[in-house]
Every structure is written in structure tokens, then in C-alpha cells.
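Read the structure below first, then the notes.
The values are calculated or read from the model by the stated rules, or taken from the named source; none is laboratory data. For clarity, every value in this text was computed on a predicted model and none was experimentally measured. Cβ sites come from the backbone with ideal geometry, for glycine too, and all protein chains shown count toward neighbours.
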Amino acid sequence: MPLLQVKNLGINFGGLKAVDDFSVNIEKGMLYGLIGPNGAGKTTVFNLLTGVYKPSTGTFRLDGQILNGKSPIEINRMGIARTFQNIRLFSHMSVMDNVKVGLHNHQTYNVFDGIFRTPKYYREEKAMNEEAVELLKVFDLEKEKDNRAYNLPYGKQRKLEIARALATKPKLLLLDEPAAGMNPNETEELMSTIRFVRDNFDMTILLIEHDMRLVGGICEEVTVLNFGTELAKGKTSEVLNDPRVITAYLGE
Amino acid sequence: MQQLCEQLLNGLNLGSVYALIALGYTMVYGIAKMLNFAHGDIIMVGAYTLLLSGSRFGLPWWASVLLCTVICCVLGVSIEKIAYKPLRSSSPLTVLITAIGVSYFLQSSALLIFGSNKQKVDSLIKIKGFTFYGINISGESIVTLSVTIIIMILLTLFIKKTKMGKAMLAVSEDKGAAQLMGVNVNSTISATFAIGSSLAAVAGILYMSSYGFVGPYTGSLPGIKAFVAAVLGGIGSIPGAMLGGILLGIIESMAKTYISTDLADAIVFGILIVVLLFRPTGLLGKKRMEKV
Amino acid sequence: MAKKQMTGSEKLILAQTQLKANLKKRKKTVFAVILGIAAFIICNVLISTGALGRQGSGLLVPICINIMLAVSLNLIVGFLGELSLGHAGFMSVGAYAGCLFTIHANLPTIIEFPLALIIGGLTAAVFGVIIGLPALRLNGDYLAIVTLAFGEIIRSIINSLDFTGGAGGLKGINKFSNFSVAYIAAMITIVVIVNLVNSRHGRAITAIRDNIISAEATGINVVFYKLLSFVIAAFFAGAAGVLYGHHLAILKPGTFDFNKSIEILVIVVLGGMGSIPGSIIAAIVITLLPEVLRDLSDYRMLIYSIALIVMMLSSSSTHLAELRMKIRKKLGLSGRKGVA
């Protein structure tokens, strides 16, 4: 059974069909790309899958569980985490605390444990700190851990967002334009980080990207969206050479 | 029945004043996306100006009105330039606290200059009222209602027909895009504050003609209630502010007569909470969604 | 990803820096505890030797009350990032509940007064839930106005009820408040709120302030934490109200108006939103200021208002912000939006 099953997902804003009849199956451990021209509805798909918008039609399941209609909070807890196209960090908190917020739901000490500093508080905070540092190391951010998030350079902010999403221990990770604003070297590094995450965290990743070198370099399969509908779908190399896709990107 | 009609008229009278103040709130909120907490205190400044010009120096009524409007207008624009403009990109919390600071500044300045005692302001309106089917209609009511109607018509025409009015609509829709289209955002915001504050001056004059006393805190309660009116009508919407103001005035005077004078304010605030909870965009407001 | 592997010496260095950081944290805690105890002893000595005079000793309880109010409001304003203009409302609910309890109950003081503090706190906390509920649907300016409206509604209702004494006020309250009780109450407030904001629950509250959309996407239960902040803040404001009532021996609804809420807000803003030590210092300064500068008492509100505006304008200017950071570092205070 595929990890993510999306069937005929669609949403209307007023009369406009922002996304229409979107279906996809993503197998566990896959790196899947979602591409298409600006305004094709890619981020809207992410917003549907994370519960920010409620779909007008269709269903989606993660590991067989129906998730459509659930709130963003429930969806995150059931195993989908995401990053945002316009970075949304907890910018006045430290880098470390950003990741620790991600770990929030994997700790069990309650408000009273926190206020009265019970042994459970110390035990879990210690475990949390170690786990957060481990995650930051993956993204080469451990030296920045006491820095405020807004002080980080752009590329590191993007990485921190991925780290925070991973900290929620999702089954499926959605990355919205992870390489936006990065130079070729940074993109190259990001590609290896994404692969590393997939291999070492046993992660399934769905990503939106405009950088075709990144998509061609790491995605096994892609879907092309155009005007909210699916234009092409399949093995990355085949789809990227499809004349219809080239036309959609470059025009007639 | 007679009492009901008179209370209805009182409500309309009070409601017109709220509507004029609410227009200032709603225009500023629509364009600068901020709650100008000090807006109510502009009324107080207008009332004190009236006290000095009319009662102390004995200027003719038209000169008093002109002086009030000019002073409030200059004050409103200066507040925006000094206190709010540097905060355009700051968090709403910062802007709101600043606005509260400005409101307090105006109140405590008035307290220092004029003292805490309320002072009598002579009404500018000398027209005699008349009785119609046993209902007393005061001169104040006649003038308040007609002035409000005229201002509403002029303001609607201004927004719809003039270049500046259209610029205001554009800025309230999308500041960035308006700027790219060559709209001068700074002067549009200044114009908004100028109009809002002038309307507050007029509201202050009308309020004084009915209530007659001014103190340092005179503006804050009508100010807050006018904000309630603006929210009730749908903040950012000009017809909404008019509707909300009139409705609130009627509700308040009915509550005072038929329920309890002490609880009238509580009822007004209760309405605000209910409206915000069940229809946060007000009666005529548009829904806004944050882009993710 | 070769560089992910660390050499042994690097690991050692990292471990050492972590150890140092832990030590530094612990030192800070120990320092705070010593400071707290020392302040208590010094104040008590000063009271018993009469060095403070009647007037000076009379200010100690109001200082503690203001610390409780400011620190609790800071949880909402500084950490949750919402503006509450109804803190005086919570205070009044707690004050009336606690004072009515001590008037009607007939228990030994040692049981009655602490119980009154808890009852006042809990009653206010119930109102915290009521005000917190709109907070789930609203934010920013709208929420601020709703909190203001709630405060005014509470005041009007107290004003029109009989058993609260109405506009004439509630009289015949015992003067139970003394420095020791007030000090302990203030300390409990500080410890609870500091510990809360430094736990995972506090981080969740701060995350909501910084970005509510990504807090939801990270699985933070926004509803729960908004309510929690309002409830805890209301509890301590209510308890502060009980102290206040038993300090003055009379309660008047007019005391708890919008101006009182603003005064608490001024303390929080001057101390720095999100800084607990800042709130404590500002509460002390603001309580003492009118007494020290008697001649300037007419100008008090004017000075507050200018201070509010200047603080906000300077916090948004990067140049001044840097200067503030430097000063704060020298004084050893944490940053504006940092965790205390």
C-alpha cells in the first residue's frame, strides 16, 4: 500500500478551481516532486494536504488513515510535516528552541511537571536537548543553536525549517521550494542533505521546486501541475522530456 | 409610543455622532491597517478648542467650526507622521501600544492644561426645536441629523469620484500594488488621517451641543463606542460605519430607557463581543484570508 | 555527508561547552534564589528597625502586588503576544471574590487568608477561560478591544450589584495583607511563570506568538495554550486583587477601570515584553516613582504616555535596538523577547 494516497482532490475559491482532480500515490521512502509554472496550484496542494484548506472534493490517506477534513494540528500529529515557501520560523526564539517546539508532542511531561520542575521534567528536557542537537548536526546548525532564528542567513533558515519539521517525527515530509533563493553550491549541498534525511530518517518526501537540476537530481517521480490540473506524471527523466511539459513552462 | 419615538430620535442623534467618529476609525483601519486608539481623544481636543474659541473668545460660530476642524486635522496628521509612520512595518502589537500611548498623552496633556473638572461648553446650535404630533424635536437633533447626512453624501462622492478617493480604495485593497501603480501611499495615508480627524472635530462639536460638558476623558468613551460601531458595521467599510453608528446609538438609548442606565455600556460592549465572535467581519465587512 | 562525523576532540569540546552552559544556567538560578531570600531578609530588617518609615513600609505590599500583576500580564503580552487591556478586570473579580470570602467566612486567619488568595485566583481564572474563549477566534486589535470590553462589563456589573457594595464600595475588609504574605505570593508568581515559560509548554506559547500558522503546522495545540496563558495570568491577577483588597480594606469598582489595566501594561512595556526580570524592576520603579517624585505627580501620566511611545518607537528602530541590547548585556538582563 502506498504511504500517501490522494484521490481526486480539488478545491474551489469562489468559482475558480485552484486545484482540480488531483490524484497521486507515493510509496514509502520515495522522493517525489511536484512541479509546474507559477500559479499552477502546487502550494494549494500542500495547504490541502496539511489541513490549512479543506478540500471541496476528493480524499487523501496516509498509511490508510483518512486525513481530509482534519485540522492542521491533527494532520501534523498523524504524520505530515511541512516547510513554507515564505519561511515561517519562530523567529524570536533560539535555533535550538525552534527544533524543541518541533519535538513538543513527543514529550509527555504536563504543565505541573513544568511548573514544579519534577524529575520527569529534567529527564525529558535532557533527552529533548540531546535529540535537538543531533538534528541540528544533520543540518550543520549546531554551532548556531543559541542564535535567534531571525539572525540566521537565508539558507540556514530554510534548513532550520526542515529540521523543525523533522523534529515532529513525520511519516511524510512536504518541502515547499526548499532551494528557493539558494546559490548553486548551496543547492548542491541541500540535495545531499535531502537524500541523507530520506536514507537516515527513513523518510518519504514530497517537494515543490522550480530548480530543475534539483528535481532531476533527486526526485524519482514527479507530477506536473498546470492551471490546477495534472499535466503529466511519472518517472522524472521521462516527464521532464515530455514536449507538453516543456510547452507549459516555456509557452508555445 | 411617544416616549419610544423620542428615544428613537435620541438614538439617531447619538448614533449620528458615533457614525461620524466610526468613519474615522474605519477609514484609518482600512488604509493604515491600524486601530487608532487616540481617535476618540481628537474629539476631546475639538471640544476644548470649541470651549476656548466660542465660550472664551466669542468667535462667530463659523469661525469656531473652522478652527476646530483645522486644529483637529493638523493634530491627526501630525500624530500619524510622528508616532505611527515609523512603525509601518512593525508588529500590530507595537502599533497598538503606541496608539494607546498617544491617547494617554492627549488626555494627560489636557488634564495638565485644563484641570480635571468638566467645563461647560456653549452650544453652537441656536435653532429652536418644534413639536410634531406631541414628539419634541430639538434644534440640536435637526442640525446633527442634517449635518451627518450631508457629510455622508459628500464622503461617498469623494471616495467614488475623486482621484484621492480612488487612491484610498486602492491603498486599502493592496498597499504594495497601489504604490507600484504610482499612488503616493504616504500622502494617501495623511489624507485619510486628515479626513478622519476633521470628521472627529465635527462629531465633537455635535456631541458638545447635546451634552455640553468637556473634560480630559470626554473623548475616550464615545471613542471606544464608535469603534464598537465600526466593528459592528464591518471595519474598513464606510457604509458599515454609518449603519453601525446609527444602530449602536439606538441600542444604547433604548437600553438606557428600558433596561438600566448603569448597564447600558455593558450591553453595548456585550454586543461587540457577540458580533466579533459570530461575525468577526461585522455586518457589511469583507472576509480576509491570510495567504499561507 | 562526511562532515557529519565528528572527531573525538570535537565531541569533547561540544560536551564541554554544554557543561559550561548548564553551569551558567545553574549559577543564574542560584543567584536568583539568593537574591530573593536576601531581599526578603533586608526588607524585614528595615521594617522592624523602622528604617523605612511608615510610608516606606506601606509601599512594600503595593510593590509585590504590582510585580504579580506585571509578571502575569507579561505572560499574555510578552510570551503569547496578545494584548490584554482587561487585566484590571481579572484583578477586580479576584479581589471581590477573596474579600467577600474573608468577610463572610469565620476561620482562623492563617487558613482563611491563603484560602481567600486561592479562591480569588480561581474565580479570576474562571473569567480567564471566559475571556480566553474569544481569544481562540480573534487576535490582534480585535482581541485587545474584546479584553477591554470584558474589563468594562465586569466593572459595570460589579457596580450594579448589591452584594458587592455597588458604587459605594465593599467595606469592612480585614487588613490581612502584610509584607511577608505579599512577598511569598509574588515569589510564587515569578517562579511559576518563569518555570512555565522555560518548559515545553512555555515554548509552545512563545511559538504561537512568533508564528501561529507554523505553530499549528508543528502540531501545537493553539487553543489549549492560548487558554492556558489567559487562565494562569488571570489566576495571579486575581490573587493580586485579593492582596490589594486586604491591603486597603475597601474595594471600589472605579479602581479597576481601564486606566488600571493601562498602568499594568506600562510596567510590562517599560520592563521589556518577554522579560520577567524587566517586569519586576519596572514594577518596583513605577510603584516608587510617584512617591519619590511627589512634585511631579501631576506629570505622572504624561511621563508614562511619553515613555510608552518612546519605548515602542525605539524598539522598532534598529540603531536604538542595538544600543538597548548593549545596555541590557551590561546589566545582565535577557533580551527583549527572550526567555527570562
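How about region A:121-173: which of its residues are away from every other protein chain (no Cβ under 11 Å), over 21 Å from A:Ile87 (Cβ atoms) and under 21 Å from the mean Cα position of the chain (by Cα)? If the condition is that a residue be away from every other protein chain (no Cβ under 11 Å), over 21 Å from A:Ile87 (Cβ atoms) and under 21 Å from the mean Cα position of the chain (by Cα), then A:Glu131, A:Lys171 are the ones that fit. Applying the selection to region A:213-227, what residues are β-branched (Val, Ile, Thr) and in a strand (DSSP E or B)? If the condition is that a residue be β-branched (Val, Ile, Thr) and in a strand (DSSP E or B), then A:Val222, A:Thr223, A:Val224 are the ones that fit. Take the residues in region A:153-204 that are modelled with pLDDT under 90 and among the hydrophobic types (A, V, I, L, M, F, W, C), then tell me which one is nearest to A:Lys143 (Cα to Cα). For region A:153-204, the residue satisfying everything is A:Met182.
A single member of C:Gly94, C:Gly172 is away from chain B (no Cβ under 14 Å) and surrounded by fewer than 24 Cβ atoms within 10 Å (Cβ to Cβ), and it is C:Gly172.
Would you please name the residue that is farthest from A:Ala180 (Cα to Cα), looking only at residues in region A:58-99 that are in contact with a Leu (Cβ under 7 Å, 6 or more places away or on another chain) and of a type in the set (Val, Ile, Thr)? Here the answer is A:Ile75. Within region B:58-87, residues that are farther than 22 Å from B:Gln107 by Cβ reach partners that are of a type in the set (Ser, Thr, Tyr) with beta carbons closer than 6 Å, at six or more positions or on different chains, in the pairs B:Leu59/B:Ser53; B:Ser64/B:Ser53. Exactly one residue out of A:Asn110, A:Asn76, A:Asn98 is within 16 Å of A:Ile205 (Cα to Cα) and facing chain C (nearest Cβ under 9 Å): that is A:Asn76. For region A:213-244, a residue qualifies if it is without any contact (Cβ under 8 Å) to a residue 40 or more places away in the chain and not charged (D, E, K, R), and the qualifying residues are A:Leu214, A:Gly216, A:Gly217, A:Ala232, A:Gly234, A:Ser237, A:Val239, A:Leu240, A:Asn241, A:Pro243.
On inspection, A:Ile205 passes the criterion of being farther than 29 Å from C:Lys20 by Cα, under 12 Å from the mean Cα position of the chain (by Cα), surrounded by 23 or more Cβ atoms within 10 Å (Cβ to Cβ) and more than 10 Å from chain C (Cβ to nearest Cβ).
Taken over region B:170-189, the criterion of being surrounded by 17 or more Cβ atoms within 10 Å (Cβ to Cβ) and more than 18 Å from B:Tyr29 (Cα to Cα) is satisfied by B:Val183 alone. If you go through region B:13-24 one residue at a time, do you hit one that is part of a helix (DSSP H, G or I), at negative phi and over 11 Å from the mean Cα position of the chain (by Cα)? Looking through region B:13-24, at least one residue is part of a helix (DSSP H, G or I), at negative phi and over 11 Å from the mean Cα position of the chain (by Cα). For region A:91-106, does any single residue satisfy the condition of being buried (at least 19 other Cβ atoms within 10 Å of the Cβ), more than 30 Å from A:Val245 (Cβ to Cβ) and of a type in the set (Asp, Glu)? Checked against the condition, which is being buried (at least 19 other Cβ atoms within 10 Å of the Cβ), more than 30 Å from A:Val245 (Cβ to Cβ) and of a type in the set (Asp, Glu), region A:91-106 yields at least one hit. Looking at region C:176-227, the helices (runs of 4 or more DSSP H) lying wholly inside it that each contain 1 or more residues that are surrounded by 24 or more Cβ atoms within 10 Å (Cβ to Cβ) and facing chain A (nearest Cβ under 7 Å) sit at C:200-210, C:212-217. Considering region C:96-142, and only residues there that are under 30 Å from B:Tyr29 (Cβ atoms) and part of a loop (DSSP other than H, G, I, E, B), the residue that is modelled with the highest pLDDT turns out to be C:Leu138. Selection of region B:97-123 for residues being more than 7 Å from every other protein chain (Cβ to nearest Cβ) and within 17 Å of C:Val310 (Cβ to Cβ) yields B:Ala99, B:Ser103, B:Leu106.
Results for (1) of a type in the set (Gly, Ala, Ser); (2) farther than 30 Å from C:Gly272 by Cα, shown as yes or no for each residue.
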position: C:Ala88; (1), (2): yes, no
position: C:Ser92; (1), (2): yes, no
position: C:Cys99; (1), (2): no, yes
position: C:Asp141; (1), (2): no, no
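Among the conditions (1) assigned to a loop (DSSP other than H, G, I, E, B); (2) more than 22 Å from the chain's Cα centre (by Cα); (3) over 23 Å from B:Ala191 (Cα atoms), the only one that B:Ser90 does not satisfy is (3). Can you name the residue in region C:237-270 that is over 21 Å from B:Ser220 (Cα atoms) and within 12 Å of another protein chain (Cβ to nearest Cβ) and is also surrounded by the most Cβ atoms within 10 Å (Cβ to Cβ) among such residues? Applying the filter and picking the extreme gives C:Val269. Taking every residue in region C:67-90 that is within 13 Å of C:Thr189 (Cβ to Cβ) and away from chain B (no Cβ under 11 Å) and pairing it with any residue that is assigned to a loop (DSSP other than H, G, I, E, B) and not small (Gly, Ala, Ser), at least 6 positions away or on another chain, the pairs with Cβ-Cβ distances below 9 Å are C:Asn74/C:Met273. Within region A:143-156, the presence of a residue that is hydrophobic (A, V, I, L, M, F, W, C), in contact (Cβ under 8 Å) with a residue 12 or more places away in the chain, in the same structural domain as A:Phe46 (by TED's automatic domain parsing) and not in a helix (DSSP H, G or I) is excluded. Against the list (1) within 26 Å of C:Asn259 (Cα to Cα); (2) away from chain A (no Cβ under 14 Å), the condition C:Ala125 fails is (2).
Scanning region C:132-145 for residues that are in contact (Cβ under 8 Å) with a residue 60 or more places away in the chain and under 21 Å from the mean Cα position of the chain (by Cα) yields C:Gly132, C:Leu133, C:Ala135, C:Asn139, C:Leu143, C:Ala144, C:Ile145.
Of the helices (runs of 4 or more DSSP H) lying entirely inside region B:199-284, those containing at least 1 residues that are more than 20 Å from B:Ser141 (Cβ to Cβ) and within 11 Å of another protein chain (Cβ to nearest Cβ) span B:220-233, B:264-278.
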